[in-house]
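Participant: Got a structure for you, written out below as structure tokens; questions coming shortly.
The values are calculated or read from the model by the stated rules, or taken from the named source; none is laboratory data. Treat the numbers as computed from the prediction; the structure is a model and nothing was measured. Cβ: placed from backbone, ideal geometry, glycine included. Neighbour counts: every protein chain shown.
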């Protein structure tokens, strides 16, 4: 039987169009939870933020953002801009493409990640934001 056994929150201030590594913060909560085997589901609240994994290396982070710029250019004229006038249509599209959540297995009290794989939160908005990240531990 699957059961949620703990939840917690991480608050981050992230500059515009930026990516932050939260792997150590998530592992700290795993350690505090005393969960040996299960899953942590990581969810970011907000329609212009996302969660994924990446090798958190400065040049790859730049490559990742450059790639998204080709897919959803920040300065393009999106229909969404007509609704609110905040010019963040690309921010919403980027967040939707990456997604708001990620499930990571836990084995022997450790996150199951590849050698160069880190958990990151992306703020794709055009301004600095405080992001609320929710962690749900399932066993």
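Participant: Can you pull out the residues in the range 1-48 that are in contact with a helix residue (DSSP H, G or I) (Cβ under 6 Å, 6 or more places away or on another chain) and modelled with pLDDT of 95 or more? Lay out the reasoning, then the answer.
Facilitator: The initial filter retains those residues of the range 1-48 that are in contact with a helix residue (DSSP H, G or I) (Cβ under 6 Å, 6 or more places away or on another chain), namely 6, 8, 10, 19, 47-48.
8, 10, 19, 47, 48 - these are the residues of the range 1-48 that are in contact with a helix residue (DSSP H, G or I) (Cβ under 6 Å, 6 or more places away or on another chain) and modelled with pLDDT of 95 or more.
Participant: Sticking with this one: Condition test on residue 85, is it without any contact (Cβ under 8 Å) to a residue 60 or more places away in the chain, at positive phi and under 13 Å from the mean Cα position of the chain (by Cα)? Step through it out loud before you land on a result.
Facilitator: On the way: without any contact (Cβ under 8 Å) to a residue 60 or more places away in the chain: yes; at positive phi: yes; under 13 Å from the mean Cα position of the chain (by Cα): no.
Judged against the criteria, residue 85 is not a match.
Participant: Now a separate question. Look at the range 88-116 and say how many of its residues are within 15 Å of residue 54 (Cα to Cα) and over 13 Å from the mean Cα position of the chain (by Cα).
Facilitator: Going through the range 88-116 one residue at a time, the tally reaches 6.
Participant: Right, here's the next one. Under 8 Å between Cβ atoms, which residue pairs at least 6 apart in sequence (or on different chains) link something in the range 95-121 that is at positive phi with a partner that is assigned to a strand (DSSP E or B)?
Facilitator: Qualifying pairs under 8 Å: 99/50; 99/51; 99/52.
Participant: Consider the range 5-49. How many of its residues are within 16 Å of the chain's Cα centre (by Cα) and assigned to a loop (DSSP other than H, G, I, E, B)?
Facilitator: Going through the range 5-49 one residue at a time, the tally reaches 8.
Participant: Filter the range 27-37 down to residues that are closer than 12 Å to residue 105 by Cα and crowded, with 17+ Cβ neighbours inside 10 Å, then give me how many there are.
Facilitator: Of the residues in the range 27-37, 3 are closer than 12 Å to residue 105 by Cα and crowded, with 17+ Cβ neighbours inside 10 Å.
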